1. Quick one: what pairs do we get from segment A:82-93, first residue more than 7 Å from every other protein chain (Cβ to nearest Cβ), second of a type in the set (Ser, Thr, Tyr) and in a loop (DSSP other than H, G, I, E, B), C-beta under 9 Å, 6+ apart or different chains?
2. Please note which helices (runs of 4 or more DSSP H) are completely contained in segment B:77-182 and include at least 2 residues that are out of contact with any strand residue (DSSP E or B) (no Cβ under 9 Å at 6 or more places or on another chain) and under 30 Å from B:Ala57 (Cα atoms).
3. Of everything in segment B:150-161, what is more than 7 Å from chain A (Cβ to nearest Cβ) and in contact with a Ser or Thr (Cβ under 6 Å, 6 or more places away or on another chain)? Give them in sequence order.
4. Among the residues of segment B:287-330, which ones are touching a Cys at 6+ places or on another chain (Cβ under 7 Å), in a loop (DSSP other than H, G, I, E, B) and under 16 Å from B:Thr166 (Cα atoms)?
5. Would a scan of segment B:248-263 turn up a residue that is away from chain A (no Cβ under 14 Å) and touching a Phe, Trp or Tyr at 6+ places or on another chain (Cβ under 7 Å)?
6. Out of (1) within 14 Å of another protein chain (Cβ to nearest Cβ); (2) surrounded by fewer than 24 Cβ atoms within 10 Å (Cβ to Cβ); (3) in contact with a helix residue (DSSP H, G or I) (Cβ under 8 Å, 6 or more places away or on another chain); (4) in contact (Cβ under 8 Å) with a residue 60 or more places away in the chain, the odd one out for B:Glu131 is which?
7. Given the condition modelled with pLDDT under 95 and either basic (Lys, Arg) or surrounded by fewer than 20 Cβ atoms within 10 Å (Cβ to Cβ) (or both), answer yes or no: does some residue in segment B:384-394 qualify?
8. Where residues in segment A:14-34 are within 18 Å of A:Leu85 (Cβ to Cβ), aliphatic (A, V, I, L, M) and not in a strand (DSSP E or B), which of them is farthest from the other protein chains (Cβ to nearest Cβ)?
Amino acid sequence: MTERTIDAPHPNPETTRYWAAANERKLLLKRCEACGQPHFYPRALCPFCFSDRTAWQESSGRGTIYSFSVMRRAAVPYVLSYVTLAEGPTIMTNIVDCDPDAVRIGQPVRVVFKTSDSGQLVPMFTLDRT
Amino acid sequence: MSRTSKAYIVGAFEHPTRKADDKSLAQLHAEVAKGALEDAGLTKDDVDGYFCAGDVAGWDARGAGPFSIIDYMGLSLRYLDTTESWGSAYVVHVAHAMEAIAAGKCTVALITLAGRPRAEGMATGTVAAAESLTAAETQFEHPHAPTVALLYGMCAMRHMHQYGTTSEQLAWIKVAASHHAQHNPHAMLRDVVTVEEVLASPMIADPLHRLDCCVISDGGGALVVAAPEIAKSLKRPLVRVIGTGYAPKHQRGGRIDLTYSGAVWSGPAAFAEAGVTPTDVKYASIYDSFTITVLMTLEDLGFCAKGDGGKFVSDGNLISGVGKLPFNTDGGGLCNNHPSNRGGMTKVIEAVRQLRGEAHPKVQVPNCDLALAHGTGGALGSRHGSATLILERE
């Protein structure tokens, strides 16, 4: 199956570490050292307590599908999803390398990395059958 | 509870066009402004406050922005509000106009909306929007191609999973809108459709079919809000703004819950200010970008319990003359009009028609003295603003 072309993300000074880690096939999120809460997408300031003591944390890359939809009008249908990570936060992503019709809410998924049009790797998820 | 006379909607006009190949964006704004002022029995010279959002001609003119359209229309103002909250903006503008009038900042407020996405061939819901260069979330979302239809599809999928809502139930919303649109000569889609026809239409973004999605149309609309002494000097029925509420909702740092909208906050605020409850409402204009938008909004506004929206909308309950809550009697965004991809303006206009008794006779709600208009701007599945108005005929 032909894959969808992935528009490259544009990192900024707040996120260069995240995207460098993605190129090493690691999914990072942020945890606040003041209130202890994890969040996503990652910010310099905690969106819960506004502390600036936020630290990068590597995700297990495991999660479950919170919701999804399939774009049928695209040249290659693709799955947009919110995946709830084992660490807590729910993140926007794609479910890839599977039949879109096989995707269900609640299914376990694991992170994979796909190459965008700049060469930057982007974290996505696939059904975890292990 | 505040039920004092602060401001009245005295003028309302919906542009009859649905495809504006032969008109410019500025022209559309001016034509709807003229239409609403004539409807009110006022002139351009009476306007001292103007309210517009990002659809306005000249929004992208560096150093000019809204001044561009003010210049084009030749307005002389002492008050300007450019609150941009996308499709909900014009509902918010009515609230802000009421507040500005009550504060003595202006006496006649003009609100305009216009757009020509159809003439421009825009694929509104099925192609991801242009990438923002500054929005913090873009780099984490844009690579995943989150089109508008997908973001609403995810809400519908979760609602089905959590509450057992069905595609048949969602289809009833479109069926009701189509029953109303058959009487609107300007509506883009005037054919009455059945639940089966909605389900048989092509899948766009699971579980949303083509007929679960609103139209893409050109045109626009305008409203005139005036101070009580001016409203009472005009020859139009008195439509008073008695309750307003506005609230944004977002992803909460990853604590995402797709089962509700910002209407859980905007609705109670508006009802409290008006001193009424959902059961008092005779007619409701509910933003209908997609069928799921209506279902979730009805729950969030308190017309039924959370999770019961599917049952509430079924069996024609939203059809005027048939069900308990007549909605979108112009055909709504699903069948009539969704100018500039922003539905808030037409929601207020049809509520005004109902309160005046000027809706089409086939859909006019008898003795319609209390109406609600609700707008949603942005995307239900990521970030949006919800705005609620409660209007009373005096």
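The values are calculated or read from the model by the stated rules, or taken from the named source; none is laboratory data. Everything numeric here is computed off the predicted structure, so don't read it as measured data. A quick note on method: Cβ atoms are made from the backbone with ideal geometry, for glycine too, and the neighbour counts reach across all protein chains shown.
1. A:Leu85/A:Ser59; A:Leu85/A:Ser60; A:Ala86/A:Ser59; A:Ala86/A:Ser60; A:Glu87/A:Ser59; A:Glu87/A:Ser60
2. B:138-141
3. Within segment B:150-161, the subset more than 7 Å from chain A (Cβ to nearest Cβ) is B:151-152, B:155-156, B:159-160.
If the condition is that a residue be more than 7 Å from chain A (Cβ to nearest Cβ) and in contact with a Ser or Thr (Cβ under 6 Å, 6 or more places away or on another chain), then B:Leu151, B:His159 are the ones that fit.
4. Within segment B:287-330, no residue meets the criteria.
5. no
6. Of the numbered conditions (1) within 14 Å of another protein chain (Cβ to nearest Cβ); (2) surrounded by fewer than 24 Cβ atoms within 10 Å (Cβ to Cβ); (3) in contact with a helix residue (DSSP H, G or I) (Cβ under 8 Å, 6 or more places away or on another chain); (4) in contact (Cβ under 8 Å) with a residue 60 or more places away in the chain, the odd one out for B:Glu131 is (4).
7. yes
8. Residue satisfying both the conditions and the ranking: A:Ala21.
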